[in-house]
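Rule-based calculations on the coordinates, nothing more; no lab input. Remember, it's a predicted structure, so these values are computed and weren't measured experimentally. Cβ atoms come from the backbone with ideal geometry, glycine included; neighbour counts cover every protein chain shown.
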Amino acid sequence: MKSFSSIWFALILLALLAGLTFWIDRTVQPPQPKRDGSSRHDPDYTVHNFIITKPDRQGNPRYKLAATEMRHYPDDDTTELVQPTFTHYSTHKPAIEVRSERGLISANGENVYFMDNVKVVRAATAQKGELTVLTDYLHVIPEKNMLKTDREVTILQAPRTVVRAKGMELYKNERILKLFGRVRVHYEHPEAPPAPPLTIDQVRQASGKPSPVAAANKGRTKSDASKPSARLRQAGPQGTQPKPMGKPNAKKGTPTKKPSKTRIRRHYEKPAN
């Protein structure tokens with residue numbers, strides 16, 4: 001009996017070892033490629049000019065996704081979009097629309113990526129003007145109402161506000177906008193009066209050219225410039241002085257000449273004898 005039991009124990013041990021070896025071999029070996037084409041990155045179906053709308057619990061539209069073409073890939077369960085348009089709706093809040101040249105939807109549908117010439121437009125309200133965001137890449141998380149990018153971004157706030165930054169995060173529910181990197185802002189108050197036109201002296205001063213009066217007074221003291229003779233010489237050519245004029249004629253209003261005091265002598269020749 002002891003010899004029979006030892007034989008069965010050895011057989012069971014060998015069977016366990018064989019099974020363990022087979023399991024390890026299957027675990028180490030890579031999976032065999034499927035012959036149905038699902039392992040290749042080829043689209044299994046394509047849809048043109050489609051629109052997908054997801055409503056909320058009350059039946060109102062929550063967001064809408066549209067594109068001119070959609071391609072689904074079975075190997076990673078991703079979806080590529082051509083010229084996508086994503087519109088997010090909110091109750092008592094302006095809608096947000098995102099447009100780009102290309103798009104990508106993740107396998108679980110939780111992430112949407114927009115690439116190339118991305119444009120985000122938030123509709124205008126009674127208190128604020130239209131808001132436009134321009135960038136090359138944008139990551140949208142629809143369930144969290146969140147938009148973010150790590151690329152250069154330009155924000156245009158109507159009527160005349162421009163903001164530039166190196167990155168952005170927008171939390172729509174919390175109404176929070178975060179900007180990263182070197183942020184530059186150009187702001188003009190919409191009710192600010194227009195600037196007055198520049199005078200000729202201000203234009204010459206801005207261009208570096210002195211005005212004629214400043215050029216004439218250059219090198220002269222204040223006391224010299226205040227003298228009448230200095231003012232007369234300043235008005236006329238250099239080195240000339242105005243000639244004095246006589247008293248005006250009361251009848252004709254023209255100046256008269258002073259009478260000359262020089263006597264004219266007449267010379268007569270005596271007749272010859």
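Here are the numbers for this structure:
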{"quantity": "Yes/no for ILE96 being among the β-branched types (Val, Ile, Thr) and either at positive phi or touching a residue at least 60 places away in the same chain (Cβ under 8 Å) (or both)", "calculated": "yes"}
{"quantity": "Test: residue in the range 184-191 that is surrounded by 13 or more Cβ atoms within 10 Å (Cβ to Cβ) and not basic (Lys, Arg)", "calculated": "no"}
{"quantity": "Residues that are without any contact (Cβ under 8 Å) to a residue 60 or more places away in the chain, within 18 Å of GLU110 (Cβ to Cβ) and not aliphatic (A, V, I, L, M), drawn from the range 63-86", "calculated": "LYS64, HIS72, TYR73, ASP76, ASP77, THR78, THR79, GLU80, PRO84, PHE86"}
{"quantity": "Output for the range 116-128, where each listed residue is surrounded by fewer than 17 Cβ atoms within 10 Å (Cβ to Cβ) and under 19 Å from the mean Cα position of the chain (by Cα)", "calculated": "ASP116, ASN117, LYS119, ALA123, ALA124, LYS128"}
